[in-house]
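Chemist: Sharing a structure, written as structure tokens. Questions coming.
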Amino acid sequence: MRLLQSLSRGLEALDYIASRSEPARLTDIAEALGVDKSNASHLMKTLVACGYALQDAARRYQPTDKIAQPARSEHSLAEIIAAKEAWRPALETLVAQTGECAHMAVLVRDRVWYIDKVDSPLPLKVDHPIGALSPLHCTALGKAFLAFGGAEAEGQLTSYTPKTLTTRKSLDEEIGRTRARGYAVDDEEFAQGIRCVARPVYDAGGRMIAAIGVSGPSVRVDDARLAELGRIITSVSVVQPEKDPIE
């Protein structure tokens with residue numbers, strides 16, 4: 001499982017820097033993990049973004065005190081992996097029905113973390129790499145967590161494109177519309193030329209565990225197509241329909 005392998009490597013990197021008496025160079029981390037510097041860099045950037053590691057002025061890494069704090073997630077790693085595996089067929093169905101890229105993400109502090117995807121078969125397509133982190137306020141997956149998962153967009157609402165919602169009032173209004181329609185929309189708010197829709201995924205107890213989304217280039221996804229993608233993603237088959245509030 002790609003998620004399990006990625007998390008395992010990340011924990012190995014965290015163990016390594018925590019065991020040292022001084023900050024570690026990227027070269028040392030890569031050598032200790034038996035990976036190339038590119039992979040080691042990606043792992044460390046994720047740990048820094050999630051608040052588990054710091055990078056100093058000399059570009060060396062050390063752990064933060066967060067590793068001594070209990071995790072705040074309501075779901076275990078096993079539950080997240082199970083959800084990922086269970087919803088993989090739904091992602092494949094979405095790609096078959098729409099021709100666009102489908103992806104799945106979970107909440108990591110104040111960002112969404114991509115844990116699975118199925119690529120579009122078309123030459124012009126959107127690519128969200130597994131392991132990437134994205135903000136909540138300007139992505140469809142992030143807005144799904146804001147609207148249905150109890151997440152909060154903390155701090156300044158950074159502008160990424162001219163369409164990014166950067167005021168609390170505009171974001172709150174959009175979250176209200178998201179709840180009313182049942183799915184979230186990213187209208188070129190994170191990256192120009194890309195439009196997305198996303199919906200929540202719930203566990204057996206009715207708690208949001210992840211979000212799934214569909215993304216496509218704006219040259220193919222006009223307003224009518226965006227609404228159609230929203231209808232498709234909210235009607236996709238679920239693993240436990242009797243427990244999924246969307247149904």
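Bear in mind that the values in this text are calculations on the coordinates, not laboratory data. From a predicted model like this one, the values you see are computed outputs, not experimental measurements. Because the Cβ atoms are built from the backbone with ideal geometry, glycine has one as well, and the counts that use them run over all protein chains shown.
Chemist: Let me check against my output: what whole-number percent is the relative contact order of region 2-68, with C-alpha pairs under 8 Å and at least 6 apart?
Modeler: 33
Chemist: Starting from the 7 Å offset along Cα-to-Cβ, what nm value, one decimal, do you get for the label separation of Leu122 and Ser218?
Modeler: 1.5
Chemist: Quick one: Cα centre-to-centre distance for region 120-137 and region 163-197, in angstrom?
Modeler: 17
Chemist: With a ≥ b ≥ c taken as the square roots of the eigenvalues of the C-alpha gyration tensor of region 61-209, please select rounded if a/c is under 1.5 and otherwise prolate if a/b is larger than b/c or oblate if it is not?
Modeler: Rounded shape, in that the Cα axes give a/c under 1.5.
Chemist: Want the number for Asn39 to Asp172: 0.36 nm per residue separation, take away the alpha-carbon distance, what's left?
Modeler: Between Asn39 and Asp172, full extension yields an extra 44.1 nm.
Chemist: Ok, one more. For the chain, what relative contact order do you get, as a whole percent, if you take Cα pairs closer than 8 Å and at least 6 residues apart?
Modeler: Over the chain, the number comes to 15 percent.
Chemist: Turning to a different aspect of this structure: Tell me the mean residue ellipticity at 222 nm calculated for the chain from its helices only (DSSP H runs of n ≥ 4, each -39500 (n - 2.57), averaged over every residue, nearest 500).
Modeler: That comes out to -12500 deg cm²/dmol.
Chemist: Using r as the Cβ-Cβ distance of Leu54 and Ser76, and R0 as 25 Å, what FRET efficiency do you calculate, to the nearest 0.05?
Modeler: Here the calculated transfer efficiency is 0.40.
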